[in-house]
Amino acid sequence: MSNHFTGLSLGPPMGDQRLDLTDRRPHVALVQLAPRGCCATLVGIALAALPRIVPAWREWIPSPAGVGLAWTFHWYYGLLFFLGGVLGWWVETRHPRWSREFTFPVASGWIAGESLMGVALVIWENGPDLARKLFGH
């Protein structure tokens, strides 16, 4: 299996990756998640525990939610999260009053705008086919 954006090899495929959701025994789900979930679980626990264990490092320990999202999304979203954080930090140090008032609304606008643009691109690409299927033309 290869990442088509970077060409990095992610190792051989592990067969059928789907979970069996018909089996209601909890230990079966844990065993099915073991190859993929153990590492993520350990990292999440460590990131949640580290600020309590070493409070002096609290500022330098990444958010467990941010790390989880970075593992879920494509690499460029993680890069964009990082760049947005650096930009937010820079604005906060240079213009703290402006930052308190505008950082959250501007970030929310970027997120909403990106989502709306994604929907618009899907409609642009698939709209004619969908219209033909819906209206039978």
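Please treat every number below as a calculation from the coordinates, not as lab data. These numbers were taken from a predicted model, which means no experiment stands behind them. Cβ sites come from the backbone with ideal geometry, for glycine too, and all protein chains shown count toward neighbours.
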Which ³J(HN,Hα) values in Hz, rounded to whole numbers, follow from the phi angles of segment 43-57 under the Karplus curve 6.51 cos²θ - 1.76 cosθ + 1.60, where θ = phi - 60° and Gly and Pro get x?
-> 5, x, 5, 4, 5, 6, 8, 4, x, 7, 6, 10, x, 5, 8
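How much length would be gained if the chain were fully extended between W124 and A65, taking 0.36 nm per residue of separation minus their Cα-Cα distance, in nm to one decimal? Mind dumping the intermediate values first?
Values: separation 59, 0.36 × 59 = 21.24 nm, distance 3.26 nm.
Result: 18.0 nm gained on full extension.
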Note, ³J(HN,Hα) from phi for segment 64-79, Karplus 6.51, -1.76, 1.60, rounded to Hz, x at Gly and Pro | x, 5, x, 5, x, 5, 5, 6, 7, 8, 5, 4, 6, 5, x, 4
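Normalise the Cα radius of gyration of segment 73-137 by 2.2 N^0.38 Å (N = residues in it) and let me know the number. List each step's numbers first, then the result.
Working: Rg = 18.2 Å, N = 65, 2.2 N^0.38 = 10.7 Å.
For segment 73-137, the normalised Cα radius of gyration comes out at 1.69.
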Within segment 61-92, what residues put their amide N at less than 13 Å from the label point 7 Å along the Cα-to-Cβ vector of I53?
-> none
Chymotrypsin sites (Phe, Trp or Tyr not before Pro), restricted to segment 56-137: which are DSSP loop and have at most 15 other Cβ atoms within 10 Å?
-> F73
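Full-extension gain between L42 and S108, please, as 0.36 nm times their residue separation minus the C-alpha to C-alpha distance. Don't skip to the answer; put the middle values down first.
Values: separation 66, 0.36 × 66 = 23.76 nm, distance 3.07 nm.
Difference between extended and current length: 20.7 nm.
Taking 0.36 nm per residue of sequence separation and subtracting the Cα-Cα distance, how much length would be gained by fully extending the chain between R132 and L87, in nm to one decimal? Provide the component values of the computation, followed by the final result.
Working: separation 45, 0.36 × 45 = 16.20 nm, distance 4.47 nm.
The span from R132 to L87 would gain 11.7 nm if fully extended.
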